[in-house]
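Structure first, then comments.
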Amino acid sequence: MSENREEILADFQACTGIEDVAEAIYHLDETNWDLLRAVSRVMPPDSQSFQPRSEPDVMVVDDYINVPSSPIETATDMMEVGNNVGHPRIPNSQISSQPSTSTVRNNSAKMLKFTVQYCDRIIAIELPESATILSPCRQLFSGWARMSQYENTPFSALQLPQESSLHLTVKPVEGGFTAEDDLEVQEKLTGTYTLNIKCEDKTYNLKYPGTQNILKVKVDVYTLTNIHVRNQIWSGWPPNIDDQTMLALSGINYPEHDLTVKRSCVVNHNKEKKQNNTNIVQIDSDDDEFEDASESFNVDDEYFVDNITSKRTEPLIPDNIEDEIVGSISFSEQFTNRYGPVHPAFYQSTLEEAIKEACSKPAAERKILAIYLHHDSSVLTNVFCTQLLGYESVMQMFETNFILWGWDLTFESNRSRLQSYVNSALGATAAMSLRNIPVDRLPALVLIMRIRSSTDIFSVIHGNVGVNELLSSLIEAVEVFTEHQRVEVVEEKERAERELVKWEQDEAYRESLEADRAKEEARRQQAQAESEARRRIENEKAQELARKEAHRKEVEASLPSEPPLSQGDGIAKIRFRLPNGESIERRFQANTPLKVLFDFLTVKGFPREEYKVISSWPRRDLTLLDLNHTLKELNLCPQETVILEER
């Protein structure tokens, strides 16, 4: 059925001249793919005869430009600069639209906006997509390609964006530049362009005159990188240019422009033919490509052509795939092998990891998740994969704002497996939305974004769209996502600030608590140290007391007894006046050494190490005298009063 539809689509485009595949498929869908009904729908019988073309409405960019009434500025003042500053009068450059019922005056038609800068003046022009470029004369616009083959081509076929910025300059007259020629064009044509060409991890800075063509640049890159011109995939060139376009007329930035080149993935096709037991193998030793070897065959070889069987197309994901990561990697590799390397990069992991990468990061780092659903049976697949996903603006949009994850629904087992993945990651509602997409509307892009705390499907872009519709849908999604992202970034910032304040308060409380705990611990340790010190002192005192008591008892045991009162002569009666005012008396033998007197005081608790013993007359400290002197020798007989003083 898909092959029949492709034939019907090709026949319909050949009959009607409609080049937009999406528009052609729309008309065929409306007529249930009935070719005759679809042709009659687009070209009614009464309109299929040749009709003379009426004069087009012309919009002239000149000294007196006429623009349909709209809220944009006209070009009159700008173009008068040609007379005011000495420039030659610029001949008319006509941009025509459709006949008198032109979409220029139809508010429902899609309009393109152009901002044209000439010298120090700026003009805004709004034209319908059906308008065409006519007779450039001496006006040169940079910002798009300027080549004769695109004259009389509608803007819609040039795939221009909704808004474009152009620079108007004056084309040099034949015979070279004159004093009145536009200086900017002269500078570009006679100046030098610096092209910053990035290839893999290396950047080449190449300089070329403005008159050099693009083919020369590609040949030089081939010399530097060994990537053949036919294998070079470029990004950064303006659309609608060819290899013979001069750099000054290509629309690139002057004097410096950035470009990127990479090698295309070339599928090598080995062809074998048996003729007289001879094998023909075609090898390109330069870039590992197979060259056309048709010259090796003669007329008798033609009957082999019908017998050549084409290699079976490998599915993007094999049937009954078990490992989701293996399926994702297989999808990316087979997609590149089948459709070439010019497409957005697919995220190679599980759907759950893709959702985390796109939606689970902080708001400022989030992206939109785009799930690409593929089906080999859909007639839209080839066009969507090669023309829409390979369109440079679409690729840049995906690279900047999306995480792209792909899955092949060709086999029912893989469709069921995807349903389980989506149901597990996003819920039953999202899984049911994917189940309801019919095959004839595949491929499809399912856009998923996180808004607030919910991750849901935002929209589904089906395969029967054109590039402009696809870009519009992606831009709409990005705008909605960006608006919510901006709000969430602010909220996250405010929440982070609140959490920071709370954290600082908690940290201050924790530090205060730690300080209180430290103080309490210090007080506890100090009290413990003081207690230990007191115990140590008490122990020392107790030990000292025990030592003193032991010494006292030892001295008391060796102390001679007090002589009796009746002994009469040879007795020394000593009165001791204590520090507390009390007095005690003791009799000693006159020949008793002074040491015995001190032993007596030690027994009474007044050791001479702590107390002085002072005689009344003459006043002297007995503790400083020789202990072997007797009391008689010290004149302490027959009686004496001594005073005890603490040291």
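The values are calculated or read from the model by the stated rules, or taken from the named source; none is laboratory data. Computed from a prediction, not measured in an experiment: that's the story for all the values here. All Cβ positions, glycine included, derive from the backbone under ideal geometry; neighbour counts span all protein chains shown. Surface accessibility is based on the protein's heavy atoms, side chains included, excluding ligands, DNA and RNA. Shrake-Rupley method; radii C 1.70, N 1.55, O 1.52, S 1.80 Å.
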Would you confirm, using the coordinates I've provided, whether Ala354 is open to solvent by less than 50 Å² (accessible area, probe 1.4 Å), modelled with pLDDT of 85 or more and either closer than 30 Å to Pro239 by Cβ or of a type in the set (Asp, Glu) (or both)?
no
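Residues checked against (1) under 15 Å from Ile643 (Cα atoms); (2) free of Cβ contacts under 8 Å to residues at least 60 places away in the same chain; (3) in contact with a Phe, Trp or Tyr (Cβ under 8 Å, 6 or more places away or on another chain):
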{"site": "Glu562", "(1), (2), (3)": "no, yes, yes"}
{"site": "Arg586", "(1), (2), (3)": "yes, yes, yes"}
{"site": "Gly605", "(1), (2), (3)": "yes, yes, no"}
{"site": "Ser616", "(1), (2), (3)": "yes, yes, no"}
{"site": "Asp626", "(1), (2), (3)": "no, yes, no"}
{"site": "Glu633", "(1), (2), (3)": "no, yes, no"}
> Does at least one position in the range 149-172 carry a residue that is at pLDDT 90 or above and outside any helix (DSSP H, G or I)?
Replying inline: no
Those residues of the range 115-132 which are open to solvent by less than 20 Å² (accessible area, probe 1.4 Å) and either more than 20 Å from Ser472 (Cβ to Cβ) or at pLDDT 80 or above (or both) amount to Val116, Tyr118, Ile123, Ile125, Leu127, Pro128, Thr132
So the strands (runs of 3 or more DSSP E) completely within the range 182-241 holding 1 or more residues that are open to solvent by 60 Å² or more (accessible area, probe 1.4 Å) are 192-199, 202-209
Note on Val489: of the conditions (1) outside any helix (DSSP H, G or I); (2) within 17 Å of Asn401 (Cβ to Cβ), unmet is (1)
Could you check, for the range 399-408, whether at least one of its residues is part of a strand (DSSP E or B), over 16 Å from Phe331 (Cβ atoms) and open to solvent by 60 Å² or more (accessible area, probe 1.4 Å)? no
Being open to solvent by 20 Å² or more (accessible area, probe 1.4 Å) and assigned to a helix (DSSP H, G or I), is that true of even one residue in the range 359-366?
yes
How many residues of the range 418-440 are surrounded by fewer than 19 Cβ atoms within 10 Å (Cβ to Cβ) and among the charged types (D, E, K, R)? The answer is 1
Can you say whether Ser473 is outside any helix (DSSP H, G or I) and modelled with pLDDT of 85 or more, as far as the supplied structure shows?
no
The condition of being over 60 Å from the mean Cα position of the chain (by Cα) and modelled with pLDDT under 85 holds, among Arg647, Arg586, Arg620, only for Arg647
For Glu645, the lone unmet condition from (1) outside any strand (DSSP E or B); (2) touching a residue at least 40 places away in the same chain (Cβ under 8 Å); (3) out of contact with any Leu (no Cβ under 7 Å at 6 or more places or on another chain); (4) loosely packed, with under 15 Cβ neighbours inside 10 Å is (1)
Per the filter on the range 416-447, residues touching a strand residue (DSSP E or B) at 6+ places or on another chain (Cβ under 9 Å) and at pLDDT 85 or above are Arg417, Leu418, Tyr421, Val422, Leu442, Pro443, Ala444, Leu445, Val446, Leu447
